[in-house]
1. How much length is gained if the chain between R30 and E57 is pulled fully straight, taking 0.36 nm per residue apart and subtracting their Cα-Cα distance, in nm to one decimal?
2. What is the fewest-to-most order of Y65, Y4 by other Cβ atoms lying within 10 Å of their Cβ?
3. Where is the GNM fluctuation largest for the chain (alpha-carbon springs, 10 angstrom cutoff): I29, I40, I79?
4. Of (1) 14, 39, 30, 13, 3, 0; (2) 16, 35, 26, 15, 5, 2, 1, 0; (3) 14, 48, 31, 7, 0, which one was derived for P(r) over Cα pairs in 10 Å bins from 0, in percent from the structure shown?
5. Based solely on its DSSP helices, what 222 nm [θ] is calculated for the chain when runs of n ≥ 4 H residues each add -39,500 (n - 2.57) and the sum is averaged over all residues, nearest 500 deg cm²/dmol?
6. Of the listed pairs K23/K106; K17/K74; K80/K100, which have alpha-carbon separations greater than 21 Å here?
7. Compute the relative contact order of the chain as a whole-number percentage, counting only Cα pairs closer than 8 Å that sit 6 or more residues apart in sequence.
8. Could you put F78, F105 in order, starting from the residue whose Cβ has the fewest other Cβ atoms within 10 Å?
Amino acid sequence: MIIYVAGKYSAATWTEKTINTYKAMDAGIRILLKGHYALIPHLTHFLDERMDALGLEPRDKNFWYAFDNQIIPKCEGFIKLSKDGESMGADMEEQLAIGKGLKIFKTLDEIPTV
């Protein structure tokens, strides 16, 4: 199963954004170890970082929201790591996942091992 990993990304500093990315990656690793495929949108953090290093203008959050909205319907499962109201983006992604009929997992432990 392809499982989309949603969670808080936005933060005041680059370091905090990196920490949020690592949290999503850690969840993705647990999903992979259960035999599924983790789709971790936080990894676009590294595209923005590289674009910055090349002197290019990073994409704004609306670009990444649109990007994520194209990917979610291609997944079969969804997990949100943040609490309701903690991340506007993750909350919107969850609503899209529900609307598209994805299997919603509330915790990593709910995801079955295959």
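1. The R30-E57 span can extend by a further 6.4 nm.
2. Ascending number of Cβ neighbours within 10 Å: Y65, Y4.
3. I29
4. After the calculation, the listed value that fits is (3).
5. -15000 deg cm²/dmol
6. Cα-Cα > 21 Å for K17/K74; rest within.
7. 36
8. Details: F78 22, F105 18.
Lowest to highest Cβ neighbour count: F105, F78.
The numbers here are math on the coordinates, done by the rules we state, and not lab data. All of these numbers come straight from a predicted model, not from anything done at the bench. Cβ atoms come from the backbone with ideal geometry, glycine included; neighbour counts cover every protein chain shown.
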